[in-house]
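Just below is one structure, and these are the notes that go with it.
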Amino acid sequence: MTYAETLAYLYEQLPMFQRVGTAGYKEGLGNTEVLAEALGHPERRFRSVHVAGTNGKGSSSHMLAAVLQAAGYKVGLYTSPHLREFTERIKINGQELPPDYLVAFVEQWRPLFEEVKPSFFEMCVALAFQYFAEEKVDIAIVEVGLGGRLDSTNIITPLVSLITNISFDHQALLGNTLPLIAAEKAGIIKPGVPVFISQTQAEVAAVFEEKAYRLGAPLTFADQHYQASKIAPQPVDAETQRFRVKLDDAPVFDEIEVGLLGEYQRFNLPGVLAILADLQRQGFQIPEAAVRQGLREVSRLTGLRGRWSIIGRHPLVVCDTGHNEAGLRLVTAQLAQLRYRQLHIVLGVVNDKDVTKMLAILPPTAIYYFCQASIPRALPAAELAERAASVGLHGAVYGPVQAAVQAARAAAAPDDVVFIGGSTFVVAEVEELYH
């Protein structure tokens with residue numbers, strides 16, 4: 001098969017949660033363990049860092065990979081979902097998985113897939129782990145796909161684990177309370193393996209403490225030691241943002257630049273820095289210069305897109321993958337700091353989110369352009385507009401993402417702001433259009 005034919009086979013034969021929702025989610029590690037055994041347990045042949053959380057795990061994973069790469073290590077990075085191309089999910093030192101590798105892997109293991117019938121994600125994890133093992137990476141940063149306890153990535157035993165944030169998302173699968181969701185995320189905690197929590201949250205702290213104590217895993221709430229605060233002011237068209245970081249009240253960085261925009265990165269920095277310090281304790285050589293370079297050049301080094309990504313100016317056009325209640329709170333706080341004549345919001349969501357809570361967060365003074373991504377999970381734009389109107393948000397229905405974006409940009413004056421978001425898949429289509 002060609003690369004295109006291989007992707008078509010995977011999308012058609014293996015259920016994909018990102019596209020179809022719960023029909024593409026297979027609970028448990030059984031299939032992944034069968035695949036891993038058939039492959040000779042590649043997950044045991046490289047060192048790793050495991051990253052879970054509701055929001056911030058993608059940014060944190062990319063920052064860790066960038067710093068380790070800047071320190072001279074060969075770094076694997078596994079994240080999901082992809083924005084533009086499947087190969088974005090699996091990288092080594094910022095280079096995406098070669099398409100030919102995917103073709104050969106699927107060709108070799110197709111009989112096994114048709115026997116085991118794994119989900120799309122289970123196949124992706126097996127592919128990533130095999131690739132990292134064959135390429136002999138020094139370390140891999142492995143981002144959890146969904147939850148933690150039953151996530152396919154959870155067959156690894158990492159050097160250290162990171163849990164970034166707990167908020168409401170995927171309640172149908174993870175639970176309807178924050179402690180229940182935290183318990184699923186805490187499933188990545190392994191016996192004796194250090195675990196760091198980026199944000200102390202009173203509602204769920206005891207969940208992590210109990211699990212870590214029971215497994216003898218050293219637990220640290222990173223933000224109780226590292227304090228990161230943004231240095232203002234920052235121009236709206238800046239390429240980096242500056243933070244001041246203290247460790248137990250002693251300066252670590254009076255000023256450090258982070259190449260990912262969005263003030264919410266201050267919640268991710270403590271966990272990232274704590275993980276890097278623990279890796280140093282375990283023997284990794286990570287000089288300050290590498291930390292500075294990695295954080296400043298994270299997008300260039302890893303290819304990360306979609307986090308407060310500026311894709312146009314005059315008017316300023318920004319997209320962000322925040323796609324749940326907590327993520328949108330951070331986005332709206334960031335929007336509130338901008339100066340503009342009028343705010344235009346291109347909005348699309350998927351149909352398994354708590355849409356009402358998400359909409360209640362958004363500013364009623366914005367003009368809305370309702371759309372839907374080209375996936376089965378997308379909530380129809382007309383239905384989204386009806387729900388939005390019920391909470392005082394008004395605009396027009398455009399259907400396709402491209403049509404909504406074009407309308408917003410055409411209507412916006414040079415001193416306006418256009419924001420595009422609500423769903424990773426909306427941002428994915430925008431990234432494909434403008435990059």
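The values are calculated or read from the model by the stated rules, or taken from the named source; none is laboratory data. A quick note: this is a predicted structure, and the numbers were derived from the prediction, not measured. Note that each Cβ is placed from the backbone with ideal geometry, even for glycine, and that neighbours are counted across all protein chains shown. Just the protein is used for accessible areas: all its heavy atoms, side chains included, with ligands, DNA and RNA removed. Shrake-Rupley method; radii C 1.70, N 1.55, O 1.52, S 1.80 Å.
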Over the stretch 240-343, average the accessible area per residue using a 1.4 Å probe and give it in Å², no decimals. 42 Å²
Excluding residues fewer than 8 places away in the same chain, name every one of the lysines whose C-alpha is closer than 20 Å to that of Lys190. Lys57, Lys211
Can you figure out the FRET efficiency of Asp352 with Glu85, using R₀ = 35 Å and their beta-carbon distance, to the nearest 0.05? 0.90
What residue among Gln69, Gln406, Gln199 shows peak mean-square fluctuation when the chain is described by a Gaussian network model with Cα springs under 10 Å? Gln406
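When a/c is below 1.5 the answer is rounded, else prolate if a/b is larger than b/c, else oblate, so apply that to the stretch 272-358 with a ≥ b ≥ c taken from the square roots of the Cα gyration tensor eigenvalues. Before the final figure, lay out each step's value.
Details: a/c = 2.82, a/b = 1.78, b/c = 1.58.
It comes out prolate by the Cα gyration axes.
Provide the FRET efficiency to the nearest 0.05 for the Leu338-Ser229 pair, computing r from the beta carbons and using R0 = 22 Å. Don't jump to the answer; show the numbers that get you there.
Details: r = 20 Å, r/R0 = 0.89.
Efficiency computed from Cβ-Cβ geometry: 0.65.
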Rounded to 0.05, the calculated FRET efficiency for the beta carbons of Ala410 and Glu37 at R₀ = 41 Å is 0.15
Which of Asn93, Asn351, Asn154 ends up with the largest GNM mean-square fluctuation for the chain, with Cα atoms connected below 10 Å? Asn351
Among Phe284, Ala228, Ile375, which residue has its Cα furthest toward the positive end of the charge dipole of the chain, with +1 on Lys/Arg Cβ and -1 on Asp/Glu Cβ? Ala228
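Just for the stretch 258-397, what percent of DSSP beta bridges are antiparallel, to the closest 5? Please report the intermediate quantities before stating the final value.
Numbers: 4 of 11 bridges.
The answer is about 35 percent antiparallel.
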Residue-averaged [θ]222 nm for the chain, counting only DSSP H segments that reach four residues, each worth -39500 (n - 2.57): -12000 deg cm²/dmol
Given the options Asp278, Asp352, Asp248, which has the most mean-square fluctuation in a GNM of the chain, springs set between C-alpha atoms less than 10 angstrom apart? Asp248
Rounded to 5, the percent of DSSP beta bridges in the chain classed as antiparallel: 35 percent
Using a 1.4 Å probe, how large is the accessible area of His394, given in Å² and rounded to the nearest 10? 110 Å²
Inter-label distance, nm, simple model (7 Å from Cα along the C-beta direction), Thr177/Tyr11: 4.1 nm
If DNA, RNA and ligands are ignored and the probe is 1.4 Å, what is the ranking of Thr356, Thr424 by accessible area, most exposed first? Thr356, Thr424
Taking only protein heavy atoms into account and a 1.4 Å probe, give the accessible area per residue of the stretch 72-201 in Å². 32 Å²
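Rounded if a/c is under 1.5, else prolate if a/b is larger than b/c, else oblate: which is the stretch 361-435, with a ≥ b ≥ c the root eigenvalues of its Cα gyration tensor? Could the numbers behind the result be given before it?
On the way: a/c = 1.80, a/b = 1.04, b/c = 1.73.
Taking the square roots of the gyration eigenvalues as a ≥ b ≥ c, the stretch 361-435 is oblate.
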Of the DSSP beta bridges with both residues in the stretch 235-339, give the percent that are antiparallel, rounding to the nearest 5. 100 percent
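Can you pull the percent of the chain's accessible area that's carbon plus sulfur, 1.4 Å probe, other chains left in place? Write down the numbers at each step before the final one.
Working: 8410 of 16920 Å².
Ligands and nucleic acids excluded, carbon and sulfur give 50 percent.
How high is the relative contact order of the stretch 255-395? Use alpha-carbon pairs under 8 Å, at least six apart in sequence, and give a whole percent. Let's see the in-between values first.
Details: 152 pairs, mean separation 25.7, N = 141.
That works out to 18 percent.
Treating the beta-carbon of each Lys and Arg as +1 and of each Asp and Glu as -1, no other charges, what is the dipole magnitude of the chain about its Cα centre, to the nearest 20 debye?
Working: 38 positive and 47 negative charges, 125 e Å.
Roughly 600 debye for the chain.
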